[in-house]
């Protein structure tokens with residue numbers, strides 16, 4: 001979970017939902033801006049920082065670096081460092097990351113056949 005005041009209602013609500021179902025924590029993780037886009041970009045073969053940045057034109061360097069660290073910390077991607085000058089780094093999906101991509105593909109298929117609307121609003 002993100003660091004925030006432990007007495008805040010947001011923190012307490014998130015803690016409660018996390019205890020109720022691990023799926024809630026995964027949805028929260030995937031709902032963070034750019035997480036799924038970075039993951040999918042790596043899956044599509046963009047495995048270097050500059051390549052991912054070019055693929056995701058509007059992402060900032062700071063957010064991209066943060067999301068790569070987040071994905072690496074949670075074992076969805078692995079950073080491979082090549083001992084070259086200049087230093088070369090590539091990001092590779094782990095088995096867990098490949099499994100997540102497969103699930104996201106299925107969710108994407110489901111989303112394309114489902115209509116979402118707010119309560120009380122007409123389609």
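Hey, can you tell me all the residues within region 67-77 that are surrounded by fewer than 15 Cβ atoms within 10 Å (Cβ to Cβ) and either in contact with a strand residue (DSSP E or B) (Cβ under 9 Å, 6 or more places away or on another chain) or more than 16 Å from residue 103 (Cβ to Cβ) (or both)?
69, 73
So in region 22-61, with the set limited to residues that are under 21 Å from residue 102 (Cβ atoms) and touching a strand residue (DSSP E or B) at 6+ places or on another chain (Cβ under 7 Å), which one is surrounded by the most Cβ atoms within 10 Å (Cβ to Cβ)?
Result: 42.
Results for (1) in a helix (DSSP H, G or I); (2) out of contact with any helix residue (DSSP H, G or I) (no Cβ under 7 Å at 6 or more places or on another chain); (3) without any contact (Cβ under 8 Å) to a residue 60 or more places away in the chain, shown as yes or no for each residue.
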| residue | (1), (2), (3) |
| --- | --- |
| 5 | no, no, yes |
| 11 | yes, yes, yes |
| 41 | yes, no, yes |
| 53 | yes, no, yes |
| 57 | no, yes, yes |
| 63 | yes, yes, yes |
| 67 | yes, no, yes |
| 90 | no, yes, yes |
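Looking at region 94-103, can you tell me whether even one residue there is free of Cβ contacts under 8 Å to residues at least 60 places away in the same chain, in contact with a strand residue (DSSP E or B) (Cβ under 9 Å, 6 or more places away or on another chain), assigned to a loop (DSSP other than H, G, I, E, B) and closer than 16 Å to residue 36 by Cα?
yes
A short reminder: the numbers here are calculations on the coordinates, not readings from a lab. Please read all numbers here as calculations on a predicted model, not as lab measurements. Glycine also receives a Cβ, built like all others from the backbone with ideal geometry; neighbour counts cover every protein chain displayed.
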